[in-house]
1. For the range 217-305, what mean projected area does the convex hull of the alpha carbons give, in nm²?
2. Normalise the Debye intensity by I(0) for the chain, one equal point scatterer per Cα, no solvent, then take log10 at q = 0.10, 0.14 Å⁻¹ and round to two decimals.
3. In whole angstrom, how far apart do the alpha carbon centroids of the range 236-274 and the range 1-27 sit?
4. Fully extended, how many nm does the chain gain between Tyr224 and Arg158 (0.36 nm per residue separation, minus their Cα-Cα distance)?
5. At 7 Å along Cα-to-Cβ for each site, give me the label-to-label distance between Arg170 and Ser246 in nm.
6. Under a plain spin-label model, where a point goes 7 Å from the Cα along Cα-to-Cβ, how far apart in nm are Gln76 and Gln209?
7. Multiply the residue gap between Lys293 and Arg187 by 0.36 nm, knock off their C-alpha separation, and tell me the result in nm, one decimal place.
8. Dipole of the range 217-305 (Lys/Arg Cβ +1, Asp/Glu Cβ -1, origin at the Cα centre): which of Ala238, Pro288, Leu265 lies farthest to the positive side?
Amino acid sequence: MEFRDYYQSLGVARGASADEIKKAYRKLARKYHPDVSKEADAEARMREVNEAYAVLSDPEKRTAYDELGNRYGAGQEFQPPPDWGTGFEFSGRGGPETHDEAFSDFFSSLFGRAGQARGPGRAGAHRMRGGDHHARIMIDLADVYEGATRAITLRGARLDKAGQVVAEERVLNVRIPKGLAEGQQIRLAGQGAPGIGGGPAGDLYLEVQFRPDPRYRIQGRDVYATLPVAPREAALGATIEAPTPSGRVQVSVPAGSQAGRKLRLKGRGIPGDPPGSLYLELAVVLPPADNDKARRLYEQMARELAFDPRRG
């Protein structure tokens with residue numbers, strides 16, 4: 001996937017004001033609108049211009065994009081960092097003149113479902129509900145097992161009187177329900193945009209992502225981990241203690257186990273109805289032959305067992 005330079009798409013500088021961005025968009029929209037343009041690539045260019053304007057006309061999306069965009073140029077190979085976008089609060093609106101349409105994969109990789117959402121309508125109604133806000137948050141896997149309350153900081157933005165983007169932050173105490181799956185949303189009623197003309201405030205939707213943990217891999221509600229075992233434990237069988245996201249447990253390793261064997265702990269995955277499973281993949285770890293006694297034991301085993309792992 002290639003990085004898209006939205007400033008280049010509109011032909012404006014990175015420090016352009018909101019008015020400059022709007023003027024550039026209107027000029028390009030007149031040039032490339034499919035109903036009037038004679039350009040061969042008018043439809044594709046109009047989609048590109050609409051997408052750029054949807055980001056740069058929105059203070060929140062523009063702030064998030066700028067934080068990432070300083071490290072890339074147009075056309076460079078691009079993959080968002082795993083935790084990119086967490087903590088950014090998006091109003092979910094595009095520019096007032098953009099169309100409801102599917103934007104590029106690049107846009108979706110940055111803003112996800114929040115980027116395509118729209119507010120409740122145009123201003124001007126006597127009484128209108130405020131727009132919904134969207135954000136991604138990172139939580140620890142352990143929080144999902146027991147539930148927790150965490151203070152989160154959300155970054156947003158607004159335009160000042162000069163039309164320049166001003167960053168803002170707010171801190172919320174959020175209850176994380178037990179059993180959330182990655183990608184689910186936590187709804188905070190009334191924490192979105194304020195209403196107009198006395199209307200109620202919108203809601204805030206927090207899309208959950210799990211903070212990377214080198215010990216675990218998540219697939220749906222199932223959790224996978226590697227369990228190191230000694231050769232004697234794999235060959236003869238053993239009961240050993242294994243760490244899990246909900247605490248340490250005793251696990252039976254069957255005799256004759258090979259590396260890669262998966263032990264399933266039913267119900268030890270992410271809680272739910274039904275809960276997931278925890279899979280422990282065995283990794284046989286050899287004792288080092290770093291002294292004379294260890295080397296003699298390996299030599300004795302080679303003579304007496306006559307084991308060839310490459311023989312079919």
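Values quoted throughout were computed directly from the atomic coordinates according to the rules given, and no laboratory measurement underlies them. Computed from a predicted structure; not experimentally measured. Here the Cβ positions follow ideal geometry from the backbone for every residue, glycine too, while neighbour counts run over all protein chains shown.
1. If you wrap the Cα atoms of the range 217-305 in a convex hull and average its projections, you get 6.7 nm².
2. Treating every Cα as an identical point scatterer, log10 I(q)/I(0) equals -0.73, -1.08.
3. Cα centroid of the range 236-274 versus Cα centroid of the range 1-27: 54 Å apart.
4. Working: separation 66, 0.36 × 66 = 23.76 nm, distance 4.23 nm.
My answer for the length gained is 19.5 nm.
5. The answer from the label model is 3.6 nm.
6. Those two pseudo-labels are separated by 1.9 nm.
7. Details: separation 106, 0.36 × 106 = 38.16 nm, distance 6.24 nm.
Separation in residues times 0.36 nm, less the Cα-Cα distance, equals 31.9 nm.
8. Farthest along the dipole direction, towards plus: Leu265.
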